[in-house]
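To start, the structure itself, in C-alpha cells.
The values are calculated or read from the model by the stated rules, or taken from the named source; none is laboratory data. Computed from a predicted structure; not experimentally measured. FYI the Cβ positions are ideal-geometry reconstructions off the backbone, even for glycines, and counts take in every protein chain you see.
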Amino acid sequence: MACILFVDDDIFTLETYSRIFTLLGHQTLLSETAEQALEIAKDHKPDLIVVDMRLQGMDGLQLIKQLKAHPQTAHIPVVMVSAYSDAYAIQAKEVGAVHYLSKPIHPEKLLEYIEPNRDD
C-alpha cells in the first residue's frame with residue numbers, strides 16, 4: 001500500500017489521519033512542522049504528501065515550493081488541504097500541488113493522487 005506523509009500543526013488532525021489511513025492499509029508519516037516534513041520526505045520518499053495551509057513557521061505554500069525545488073522530493077505528488085474552502089486553491093496549484101481540498105477531507109479523494117505505478 002501507499003506511504004503518506006501528513007503535515008499539520010494540529011496533533012489531533014494528524015492522529016485522525018493516521019488512524020483512518022492505517023485502517024485502510026496504508027503507512028502514515030506525521031509531521032507538525034514544515035521543517036520536519038522536509039526531512040521526513042527526503043528520508044522516506046512517501047507516495048503522497050498532504051500539507052495543511054496553516055503551519056508554524058513557514059506556511060503550506062512555502063513548504064510545497066521547497067518540496068518541489070528539491071530533487072529528492074520534486075516528483076512526489078502534494079495535496080494541499082485547508083479549512084478555508086477554496087481560498088488558496090489557485091496559489092496551491094501554482095506552487096506545484098496536484099490538488100487542493102477543503103477540510104474535512106475524504107480518504108478516497110486523497111488516494112486518487114497517489115502515483116499508480118508504485119512498487120508495492
Review point. Can you tell me which residues in region 44-65 are touching a strand residue (DSSP E or B) at 6+ places or on another chain (Cβ under 9 Å) and in a helix (DSSP H, G or I)?
Key: 44, 60, 61, 63, 64
Exercise for review: Being among the hydrophobic types (A, V, I, L, M, F, W, C) and closer than 25 Å to residue 20 by Cα is the filter here, so list the residues in region 35-60 that pass it.
Suggested key: 37, 38, 40, 41, 48, 49, 50, 51, 53, 55
Review point. Does any residue of region 97-104 turn out to be among the charged types (D, E, K, R) and out of contact with any Gly (no Cβ under 9 Å at 6 or more places or on another chain)?
Key: yes
Practice item. Output the residue which, of all residues in region 1-28 that are assigned to a loop (DSSP other than H, G, I, E, B) and closer than 17 Å to residue 48 by Cβ, is modelled with the lowest pLDDT. Key: 1
Exercise for review: Could you grab me the full set of residues in region 78-96 that are assigned to a loop (DSSP other than H, G, I, E, B) and at pLDDT 95 or above?
Suggested key: 95, 96
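Can you find a residue in region 14-30 that is within 21 Å of residue 85 (Cα to Cα), free of Cβ contacts under 8 Å to residues at least 24 places away in the same chain and not hydrophobic (A, V, I, L, M, F, W, C)?
First, pick out the residues of region 14-30 that are within 21 Å of residue 85 (Cα to Cα): 14, 16-17.
From the residues that got through so far, the ones that are free of Cβ contacts under 8 Å to residues at least 24 places away in the same chain too are 14, 16.
Next, only the ones that are not hydrophobic (A, V, I, L, M, F, W, C) stay: 16.
So far as region 14-30 goes, yes, one or more of its residues are within 21 Å of residue 85 (Cα to Cα), free of Cβ contacts under 8 Å to residues at least 24 places away in the same chain and not hydrophobic (A, V, I, L, M, F, W, C).
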Exercise for review: From (1) more than 13 Å from the chain's Cα centre (by Cα); (2) under 21 Å from residue 111 (Cα atoms); (3) small (Gly, Ala, Ser), pick out the condition that doesn't hold for residue 60.
Suggested key: (1)
Check your understanding: Only one residue in 31, 85 is in contact with a Phe, Trp or Tyr (Cβ under 8 Å, 6 or more places away or on another chain) and either surrounded by fewer than 15 Cβ atoms within 10 Å (Cβ to Cβ) or not charged (D, E, K, R) (or both). Which one?
Key -> 31
Review point. Looking at region 21-40, which of its residues are under 15 Å from residue 97 (Cβ atoms) and under 10 Å from the mean Cα position of the chain (by Cα)?
Key: 37
Review point. Among 44, 75, 99, 70, which is touching a residue at least 40 places away in the same chain (Cβ under 8 Å), farther than 16 Å from residue 9 by Cβ and surrounded by fewer than 19 Cβ atoms within 10 Å (Cβ to Cβ)?
Key: 44
